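The values are calculated or read from the model by the stated rules, or taken from the named source; none is laboratory data. Treat the numbers as computed from the prediction; the structure is a model and nothing was measured. Neighbour counts are summed over all protein chains in view; Cβ atoms, including those assigned to glycine, are modelled from backbone coordinates with ideal geometry. Ligands, DNA and RNA are excluded from the accessible area calculation, which covers all protein heavy atoms including side chains. Shrake-Rupley method; radii C 1.70, N 1.55, O 1.52, S 1.80 Å.
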Amino acid sequence: MSKTSNPLEQHKLPTGGNFGFSATKVEDLGATEFTLVTLVNDVSGSVGSYKDDMCETNANIIEACAKSPRSENLMARMVAFDTIAYEQHGFKTLDDCDPADYKAGGSQELKIGGATALFDASVNAIAATGAYAKNLSDSDFDTNAIVFIVTDGWDNSSSHTADDVKKALEQIRRDECLESIMVVLIGVGVDSGSGSALDQFRADADLTQYVELPDASPTQLAKLADFISKSVSSQSQALGTGGPSQPLTL
Amino acid sequence: MNIDCSLHTGKSHSICEDYTRAGKLSDDRKYAILSDGCSGSPDTDIGARILVMSAVEVLDRHPDLVRQNNDMFGMSVIQIAEKTAISMSLNPQCLDATLSIIVENTDRKSVTVRMFGDGSFARHLDVDESCINVSQRQWKSGAPFYLSYMLDEKRYEVWKKVTKESGVSVRTIIISPNDTRADVCKWLDISEDEDQTLSRPKIYLIGEEATILSVLSDGSETFYKTSKDRMLEPVPFEESLQGLLSFKNFNGSFVQRRVNRHIKNMNKDGIYHDDDLSVASMTLDSEKNSGN
C-alpha cells in the first residue's frame with residue numbers, strides 16, 4: 001500500500017511547455033536544507049525488454065536514499081519520457097516515497113511506449129529544479145540539486161533542443177538559488193553512434209557528466225542504482241560547502 | 001506551537017561557549033532555553049551545557065517553580081548544576097553563564113519567560129504581526145548576573161558592589177521584519193530593585209499577547225564589518241535583529257533556517273558575528289504550529 005503523502009502543489013514553469021511540476025508545499029517542510037533529486041527515465045518502446053528491471057532499479061535507488069544519513073534532507077522527483085515528457089511524481093520528501101510503489105505493478109511503475117523526447121524531459125527536469133529551488137530559497141531553505149537522465153537512445157521527439165537544455169542550466173546558475181547543480185546523463189546499452197551523440201549532448205548542454213552502462217542486465221542496473229544513490233549522498237553531503245561534489249565513476 | 005533554536009560559534013572563538021536546546025519535557029510541555037558561558041571563566045562551554053540540562057531537569061521535576069516570583073527556581077537549577085560540575089571534577093566557576101528560558105506552563109494556556117543575565121528577549125506582537133518588540137539588557141561593567149554567584153557569597157558580594165557602582169541599562173527596540181525602519185529607545189539606567197525585577201518570571205498567554213517569543217544571547221549584538229582601513233564597524237543591533245527574527249515560515253527548524261540564512265547573507269558582505277550567537281524561539285499562535 002502506498003504511503004500517505006503530503007499533498008503536492010502544482011507549479012507552472014517560466015520555460016512554458018505542456019507541463020510544469022508539482023512539489024510539497026514549502027510550509028509543510030521542516031528541515032533546514034534540501035538536496036533536490038530528479039530521476040528522468042526513458043520509457044520509449046526500446047526499454048520494454050528490461051522495464052521491470054528498471055522499475056526495480058528505481059525502487060532500489062529510493063530505498064537506498066531513504067536509508068542515507070541525509071535522508072531527511074533529500075527530496076525526490078520522477079520524470080519519464082517517451083514521445084512526450086511527463087511527471088511521474090513531484091518533489092517530495094523520502095518519508096513520502098515508498099520503494100514498493102516503484103516496482104512493477106506499483107503506482108510509480110514505468111509505462112512503456114513511444115519515441116524519445118530526451119531534450120523536453122531534460123529541460124523540464126532542470127527548469128523545475130530551478131523553480132522549486134527559488135521557492136525554497138525564498139523561505140530560507142538552502143538547496144543544491146542532482147538530476148539523473150537515463151536513456152537508451154538519441155532524441156527523436158522533442159520540441160526543445162540541446163541548446164534549450166543548456167539555457168535552462170544557465171538560467172539556474174544565474175538565479176543563484178541553488179548552491180550547486182549536477183546533471184548526470186546515463187546511456188544504457190547504447191550503440192557507439194548514440195553514445196557519441198549523447199556525449200556530444202553533454203558537452204553542448206554543459207551537463208556535468210556522461211556515463212555509460214554496456215547493457216541493461218540486472219547486474220549492470222544494480223551498479224546503476226548504487227552509482228545514483230552514492231552520487232546523491234555525495235552531492236547532499238556537499239551542501240553547505242559552496243560547490244558541487246566530485247562526480248563519481250560508474 | 002513550535003520550538004526551535006540555533007547555535008553559532010563566534011569569529012573570535014575556537015570553542016562555542018553558548019548552548020541552546022529546544023525540546024519537550026516528560027509531560028510534553030515545550031521549552032526553548034539558551035545559556036551564554038563567560039569567556040573569562042574556565043570550561044564554560046561545558047558549564048553552559050550543564051546549566052541548560054539542569055534547568056530542564058528542574059522544569060521537569062518541579063513544573064511550577066519557574067513561574068514563582070522568587071529565587072527558588074534559580075537556586076534549584078544552580079545547585080543541581082554545581083553537583084554535576086563537581087562530579088565531573090570541574091571548577092564550579094564553569095557555571096558562570098547566563099540562562100534564558102521560555103517554557104510552556106502546566107495550564108497549557110500560558111508560557112513563562114525567565115532571563116538570568118544579559119541578552120535580549122523578543123516578542124512578535126499579535127496585534128501587528130509585522131511588529132517585533134525587543135528588550136535588551138546590559139551590565140555596564142561587562143559582568144552580567146550569573147546564577148553561579150549565588151553559590152559563593154564572596155563572589156556575589158563583589159559582583160553586587162561592581163554592579164551597584166556601574167549600573168544596568170535596558171532599552172526597547174521596535175522593529176518590523178518587512179521594513180528597514182526601527183524605533184530604538186534610549187538606554188535607560190535602572191536601579192538594583194528594577195534589575196531584580198527583570199529576572200522575575202514573565203507570563204504570556206498563548207494566542208493573546210504574542211505570536212512568537214525568542215531569547216537571544218548577546219552574540220547577536222556583535223555583528224561587525226571590517227572596513228577598508230581594517231577597523232571593525234559594528235552593525236546596528238536593530239539591523240541584526242531584523243535579519244535574525246524575520247522568520248519566513250514556522251515549520252520544523254524555522255529558527256535555524258532564518259539564522260543560517262542571515263549569517264550567510266552577512267558573510268557575503270564581509271560581516272561576521274564576533275561572539276557566539278544563540279537564538280531560541282517558541283511560536284504561540286496555533287496558526288504557526290507544527291508537529292514538533
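So which residues in region B:267-288 are within 20 Å of the chain's Cα centre (by Cα), more than 15 Å from B:Ser240 (Cβ to Cβ) and more than 14 Å from every other protein chain (Cβ to nearest Cβ)?
B:Ala280, B:Met282, B:Leu284
Would you check which residues across region B:61-109 are acidic (Asp, Glu) and under 25 Å from B:Trp139 (Cβ atoms) and list them?
Scanning region B:61-109 gives B:Asp71, B:Glu82, B:Asp96.
Residue by residue, here is whether (1) touching a residue at least 12 places away in the same chain (Cβ under 8 Å); (2) more than 29 Å from B:Asp4 (Cβ to Cβ); (3) of a type outside the set (Gly, Ala, Ser) holds:
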site	(1), (2), (3)
A:Glu9	yes, no, yes
A:Phe19	yes, yes, yes
A:Gly45	yes, yes, no
A:Gly48	yes, yes, no
A:Ser71	yes, no, no
A:Gln88	yes, yes, yes
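Considering only region A:152-185, how many residues are closer than 22 Å to A:Ser137 by Cβ and of a type outside the set (A, V, I, L, M, F, W, C)?
9
Please count how many residues of region B:136-166 are open to solvent by less than 40 Å² (accessible area, probe 1.4 Å) and either of a type outside the set (Gly, Ala, Ser) or out of contact with any Ser or Thr (no Cβ under 8 Å at 6 or more places or on another chain) (or both).
The number of residues fulfilling the criteria is 11.
When region B:246-266 is examined, which residues are found to be part of a loop (DSSP other than H, G, I, E, B), more than 7 Å from chain A (Cβ to nearest Cβ) and under 18 Å from the mean Cα position of the chain (by Cα)? First the steps, then the outcome.
In the first step, residues of region B:246-266 are kept if they are part of a loop (DSSP other than H, G, I, E, B); the result is B:246-253.
If we keep only those that are more than 7 Å from chain A (Cβ to nearest Cβ) as well, we get B:246-247, B:250.
If the condition is that a residue be part of a loop (DSSP other than H, G, I, E, B), more than 7 Å from chain A (Cβ to nearest Cβ) and under 18 Å from the mean Cα position of the chain (by Cα), then B:Ser246, B:Phe247 are the ones that fit.
Could you tell me which numbered condition B:Ser12 fails, if it satisfies all but one of (1) within 23 Å of B:Val259 (Cα to Cα); (2) out of contact with any Asp or Glu (no Cβ under 8 Å at 6 or more places or on another chain); (3) not in a strand (DSSP E or B)?
(2)
With respect to B:Gln242, determine if the residue is under 24 Å from B:Thr172 (Cα atoms) and either within 14 Å of chain A (Cβ to nearest Cβ) or touching a residue at least 12 places away in the same chain (Cβ under 8 Å) (or both).
The answer is yes for B:Gln242.
Can you say whether B:Met115 is over 15 Å from the mean Cα position of the chain (by Cα), farther than 19 Å from B:Phe247 by Cβ and modelled with pLDDT of 90 or more, as far as the supplied structure shows?
no
Would you mind finding the one in A:Leu136, A:Leu94, A:Leu118, A:Leu110 that is among the hydrophobic types (A, V, I, L, M, F, W, C), touching a residue at least 12 places away in the same chain (Cβ under 8 Å), farther than 23 Å from A:Thr24 by Cβ and in contact with a helix residue (DSSP H, G or I) (Cβ under 9 Å, 6 or more places away or on another chain)?
A:Leu118
Which one of the conditions (1) assigned to a loop (DSSP other than H, G, I, E, B); (2) under 17 Å from the mean Cα position of the chain (by Cα) does B:Pro63 fail to meet, given that it meets all the rest?
(2)
Looking at region B:222-236, which of its residues are open to solvent by 40 Å² or more (accessible area, probe 1.4 Å), of a type outside the set (A, V, I, L, M, F, W, C) and not in a strand (DSSP E or B)?
Passing the criteria: B:Lys228, B:Asp229, B:Arg230, B:Pro236.
Restricting to region A:37-63, name every residue that is aliphatic (A, V, I, L, M) and either crowded, with 23+ Cβ neighbours inside 10 Å or farther than 24 Å from A:Ser233 by Cα (or both).
Result: A:Val37, A:Leu39, A:Val40, A:Val43, A:Val47, A:Met54, A:Ile61, A:Ile62.
If you scan region A:218-248, which residues turn out to be among the hydrophobic types (A, V, I, L, M, F, W, C) and crowded, with 18+ Cβ neighbours inside 10 Å?
Selection gives A:Leu221, A:Leu224, A:Ala225, A:Phe227, A:Ile228, A:Val232, A:Ala238, A:Leu239.
Quick check on region A:131-145. Is at least one of its residues under 17 Å from A:Ile228 (Cβ atoms), among the hydrophobic types (A, V, I, L, M, F, W, C) and within 14 Å of chain B (Cβ to nearest Cβ)? Outline the logic, then answer.
So the first thing to find is which residues in region A:131-145 are under 17 Å from A:Ile228 (Cβ atoms), and the list is A:144-145.
Narrowing further to those that are among the hydrophobic types (A, V, I, L, M, F, W, C): A:145.
Next, from what is left, pick out any that are within 14 Å of chain B (Cβ to nearest Cβ): none.
Checked against the condition, which is being under 17 Å from A:Ile228 (Cβ atoms), among the hydrophobic types (A, V, I, L, M, F, W, C) and within 14 Å of chain B (Cβ to nearest Cβ), region A:131-145 yields no hits at all.
Of everything in region B:237-259, what is surrounded by fewer than 23 Cβ atoms within 10 Å (Cβ to Cβ) and either on the phi > 0 side of the Ramachandran plot or touching a Gly at 6+ places or on another chain (Cβ under 9 Å) (or both)? Give them in sequence order.
B:Asn251, B:Gly252
For region A:6-54, name all the residues that are of a type in the set (Lys, Arg) and touching a Pro at 6+ places or on another chain (Cβ under 8 Å).
Passing the criteria: only A:Lys25.
Can you pull out every residue in region A:20-36 that is open to solvent by 10 Å² or more (accessible area, probe 1.4 Å) and in contact with a strand residue (DSSP E or B) (Cβ under 6 Å, 6 or more places away or on another chain)? Lay out the reasoning, then the answer.
First, the residues of region A:20-36 that are open to solvent by 10 Å² or more (accessible area, probe 1.4 Å): A:20, A:25-28, A:30-33.
Scanning region A:20-36 gives A:Gly20, A:Lys25, A:Glu33.
Does A:Val190 satisfy the criteria of being open to solvent by less than 50 Å² (accessible area, probe 1.4 Å) and under 14 Å from the mean Cα position of the chain (by Cα)?
Judged against the criteria, A:Val190 is not a match.
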